[in-house]
1. I'd like the full set of residues that are within 14 Å of L25 (Cα to Cα) and either within 16 Å of ligand 2 (Cβ to nearest atom) or in contact with a Leu (Cβ under 8 Å, 6 or more places away or on another chain) (or both), limited to region 72-104.
2. Would you check if there is a residue in region 60-71 being within 16 Å of ligand 2 (Cβ to nearest atom) and surrounded by fewer than 16 Cβ atoms within 10 Å (Cβ to Cβ)?
3. For the structure I just gave you, tell me whether V12 is over 11 Å from the mean Cα position of the chain (by Cα) and under 19 Å from M1 (Cα atoms).
4. Which one of these does A9 not meet: (1) under 29 Å from P108 (Cα atoms); (2) away from ligand 1 (no atom under 11 Å from the Cβ)?
5. What pairs come up if the first residue lies in region 20-41 and is at pLDDT 95 or above and surrounded by 14 or more Cβ atoms within 10 Å (Cβ to Cβ), the second is part of a strand (DSSP E or B) and among the polar types (S, T, N, Q), and their beta carbons are under 8 Å apart, counting only those six or more places apart or on different chains?
6. Yes or no: region 103-110 includes at least one residue that is at pLDDT below 95, surrounded by fewer than 16 Cβ atoms within 10 Å (Cβ to Cβ), in a loop (DSSP other than H, G, I, E, B) and within 15 Å of ligand 1 (Cβ to nearest atom).
7. For region 1-19, what are the residues that are surrounded by fewer than 18 Cβ atoms within 10 Å (Cβ to Cβ), in contact with a strand residue (DSSP E or B) (Cβ under 6 Å, 6 or more places away or on another chain) and not in a strand (DSSP E or B)?
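The values are calculated or read from the model by the stated rules, or taken from the named source; none is laboratory data. Treat the numbers as computed from the prediction; the structure is a model and nothing was measured. Glycine also receives a Cβ, built like all others from the backbone with ideal geometry; neighbour counts cover every protein chain displayed.
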Amino acid sequence: MDCLFCKIASGVIPSKKVYEDDEILSFYDINPECKIHVLVIPKTHIESADAITKENSMVVAHIFEAIPKIAKLAGITNGYRVITNAGPDSCQSVMHLHFHILGGEKLPEHIK
Ligand code: AMP
Ligand code: ZN
């Protein structure tokens, strides 16, 4: 499948890793929108939050369980924002479910 984040998940395309386990990968965003900007993805291909179902939502729970640990590993100490874009109006640009973790500084009210 021609999916950028599937390629990053499988290691075909390199990334600057923050955290990895059997099910998920976290890496620094290539174009950070704030001081610390990391992404978390499931290794399995899910198109967006709009494609989350009873069958695949376990990995989403796993991502949210890992987010506090990932934020700490990335050096975020004073709070963060978690964002996911789904579909055209959200400006989702990579069609593989990902959560942005934004922090490391006081964030403006609207970012990402
Ligand atoms: P979204 O607009 O929510 O689909 O976010 C996609 C994000 O992926 C953007 O913030 C991009 O900067 C980021 N991105 C695109 N290509 C790469 C890459 N090769 N490595 C890391 N982040 C990337
Ligand atoms: Zn994918």
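1. Of everything in region 72-104, those that are within 14 Å of L25 (Cα to Cα) and either within 16 Å of ligand 2 (Cβ to nearest atom) or in contact with a Leu (Cβ under 8 Å, 6 or more places away or on another chain) (or both) turn out to be H96, L97, H98, F99, H100, I101.
2. So far as region 60-71 goes, no, none of its residues is within 16 Å of ligand 2 (Cβ to nearest atom) and surrounded by fewer than 16 Cβ atoms within 10 Å (Cβ to Cβ).
3. Yes: the conditions hold for V12.
4. Result: A9 fails condition (1) only.
5. That search, which allows pairs on different chains as well, returns E20/S26; V38/S26; L39/S26; V40/S26; I41/S26.
6. Checked against the condition, which is being at pLDDT below 95, surrounded by fewer than 16 Cβ atoms within 10 Å (Cβ to Cβ), in a loop (DSSP other than H, G, I, E, B) and within 15 Å of ligand 1 (Cβ to nearest atom), region 103-110 yields at least one hit.
7. Passing the criteria: only K16.
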